[in-house]
Amino acid sequence: KGHRFAIINFWRNIRSEPIVQSPLGLLHAKYSAKKDHLSYETGSHVHMHTFPYAAPDMSQSKWYTFPQMNQDECLLFYQYDRLSSQPSDLWHCALNIMNT
């Protein structure tokens, strides 16, 4: 039987001044359309999983931003968890915030 594993990511500002331009953004992605799901059978069980490259439903998804993050702060988050009941579909990128 397979073993559980998870990928945990961390992000930290390495500069002495706080992040002002292009701060970290995390998207907690939600999927709603049936086309975004993949089902497969293993023995007597049918599994439904979100296909990892499907487009998220942005009306249900939520962005989190971390402006002014300083060198003393560190953000840890799940990048992936093999346990299907543990939500771990979290997209991350630098965001272009206007008027900064």
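The values are calculated or read from the model by the stated rules, or taken from the named source; none is laboratory data. Please read all numbers here as calculations on a predicted model, not as lab measurements. Every residue, glycine among them, receives a Cβ derived from its backbone with ideal geometry; neighbour counts consider all protein chains shown. Calculation scope for accessible area: heavy atoms of the full protein, side chains included, ligands and nucleic acids excluded. Shrake-Rupley method; radii C 1.70, N 1.55, O 1.52, S 1.80 Å.
All but one of (1) at pLDDT 60 or above; (2) open to solvent by less than 70 Å² (accessible area, probe 1.4 Å) hold for Ala33, so report the exception by its number.
It fails just one condition, (1).
Consider Leu26 carefully, then state whether it is surrounded by 10 or more Cβ atoms within 10 Å (Cβ to Cβ), assigned to a strand (DSSP E or B) and modelled with pLDDT of 85 or more.
yes
Taking only pairs six or more apart or across chains, which ones have beta-carbon atoms under 7 Å, a first residue in the stretch 65-86 that is closer than 15 Å to Leu24 by Cβ and aliphatic (A, V, I, L, M), and a second residue that is in a strand (DSSP E or B) and modelled with pLDDT of 90 or more?
Within 7 Å, the pairs are Met69/Leu24; Leu75/Phe10; Leu75/Trp11; Leu75/Leu24; Leu76/Phe10.
Which pairs turn up if I take residues in the stretch 5-19 that are without any contact (Cβ under 8 Å) to a residue 12 or more places away in the chain and look for partners that are open to solvent by 90 Å² or more (accessible area, probe 1.4 Å) and hydroxyl-bearing (Ser, Thr, Tyr) with beta carbon separation below 8 Å, at least 6 apart in sequence or on another chain?
Within 8 Å, no pair qualifies.
Residues being at pLDDT 85 or above and either assigned to a strand (DSSP E or B) or open to solvent by 70 Å² or more (accessible area, probe 1.4 Å) (or both): count how many of those fall in the stretch 61-88. Break it down into steps so the answer makes sense when it comes.
The initial filter retains those residues of the stretch 61-88 that are at pLDDT 85 or above, namely 61-77.
With either assigned to a strand (DSSP E or B) or open to solvent by 70 Å² or more (accessible area, probe 1.4 Å) (or both) added as a condition, the list becomes 62-65, 67-68, 72-77.
Of the residues in the stretch 61-88, 12 are at pLDDT 85 or above and either assigned to a strand (DSSP E or B) or open to solvent by 70 Å² or more (accessible area, probe 1.4 Å) (or both).
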